[in-house]
Amino acid sequence: MGDRLERSVIRGVMPVAPTVFSDDEGLDLEGQRRVVDYLIAAGVDAICILANYSEQFSLDDDERVAIIDATMARAAGRVPIAVTTSHFSARVAAARTRDARRRGASIAMLMAPFFGTSVRATEDGVVEYFKRVAGDLDIDLMIQDAPMSATPLPVSLLARIAREVPQVRYVKVEVPQAASKLRSLKVAAAESLPGLFDGEEGVTLIHDLDAGAIGTMPSGVVPHELGAVVRTYHAGRRDEAVQEWERILPLIHFENRHLGLQATKILLKDAGIIACDRVRSPLPTISDAIRGEFRDMVRRIRPFALDWAG
């Protein structure tokens, strides 16, 4: 495990891949493979699967395995793959994480344990949870600090987990005032937690980079463009990075506020990358009016997906 922990920390853009369904809501694994091809062509630094934006909450265990295997086979080592292994049970989360590692995952991402809005863990319980998940595994862990979890993750607790669980090297901060939390976390955890990422489609990316983030975990709408923003920023050309970020920000903001996880599917279907933009019931479908506004913005900004698909 010691050698594993010395490896380079992933920087840049690590988009969350959607789970592709057919019209009958079954898995479309060929569509899933096409998404991997698209994201790698977009120049991403890693890909995350089975996250909330992948509709992980609608998948059964066999489907999870099928998606992992299809993704790993198609990626074929070209980029690292992060697999979300969240579950309330430390035992189940540990088993999922072991399985993901065996299948080739480089990172396992987990939320703090919760169930509904009122079943949550204590701070000591959260630390014990991540210790049990990590065990003696040779894999990096990422904590997903998301509002969906009812279990709070104050800066002091995140720093404590990073100190006590050496496999925890990343955190994805996607809560309100993310930049302030990232800045405090960078001081509190220091070298124990080198992989600071933001989320929320990169809607506050420049401010989060200023606060110490080394990358972003957006959707699959503009990963090519966001990767360029991060690389330009870290090359010391902040003004140029701001200019590119502000160019795509209206599209990001519209996605963040009006479409959520369906934005990527709508774009990729329109681009001819996937055949169907279906989400699983009971998620509502996006109205024609909102789709139309989104498509107008896509035509104006013209993200990489349109050019890649031809």
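The values are calculated or read from the model by the stated rules, or taken from the named source; none is laboratory data. Keep in mind that what you see is a predicted model, and the values were worked out from it rather than measured. So basically every Cβ, Gly included, is an ideal-geometry build from the backbone, and we count neighbours across all protein chains shown.
Could you tell me which residue of segment 126-150 is nearest to the chain's Cα centre (by Cα), considering only residues that are over 18 Å from R96 (Cβ atoms) and modelled with pLDDT under 95?
P147
So which residues in segment 267-294 are touching a helix residue (DSSP H, G or I) at 6+ places or on another chain (Cβ under 7 Å) and either of a type in the set (S, T, N, Q) or closer than 14 Å to A309 by Cα (or both)?
L267, L268, D270, A271, G272, I273, I274, A275
Could you please find all residues in segment 52-82 being hydrophobic (A, V, I, L, M, F, W, C), exposed (fewer than 15 other Cβ atoms within 10 Å of the Cβ) and closer than 24 Å to T285 by Cβ?
If the condition is that a residue be hydrophobic (A, V, I, L, M, F, W, C), exposed (fewer than 15 other Cβ atoms within 10 Å of the Cβ) and closer than 24 Å to T285 by Cβ, then F57 is the only one that fits.
Could you run through segment 126-164 and say how many residues are among the hydrophobic types (A, V, I, L, M, F, W, C), under 14 Å from M109 (Cα atoms), outside any helix (DSSP H, G or I) and free of Cβ contacts under 8 Å to residues at least 40 places away in the same chain?
Total meeting the criteria: 1.
In segment 165-203, which residues are surrounded by fewer than 21 Cβ atoms within 10 Å (Cβ to Cβ), assigned to a helix (DSSP H, G or I) and not polar (S, T, N, Q)?
Passing the criteria: A179, R183, K186, V187, A188, A190, E191.
Filter segment 204-216 down to the residues that are aliphatic (A, V, I, L, M), more than 13 Å from N256 (Cβ to Cβ) and within 15 Å of the chain's Cα centre (by Cα), then identify the one that is surrounded by the fewest Cβ atoms within 10 Å (Cβ to Cβ).
It comes out as I214.
Among what's in segment 284-310 and is modelled with pLDDT of 95 or more and among the aliphatic types (A, V, I, L, M), pick the residue that is farthest from D37 (Cα to Cα).
Just the residues of segment 284-310 that are modelled with pLDDT of 95 or more, to begin with: 286-306.
Checking the rest, the ones that are also among the aliphatic types (A, V, I, L, M) come to 286, 289-290, 297-298, 301, 305-306.
Details: I286: 26, A289: 30, I290: 28, M297: 24, V298: 21, I301: 22, A305: 11, L306: 14 Å.
Among them, the one singled out is A289.
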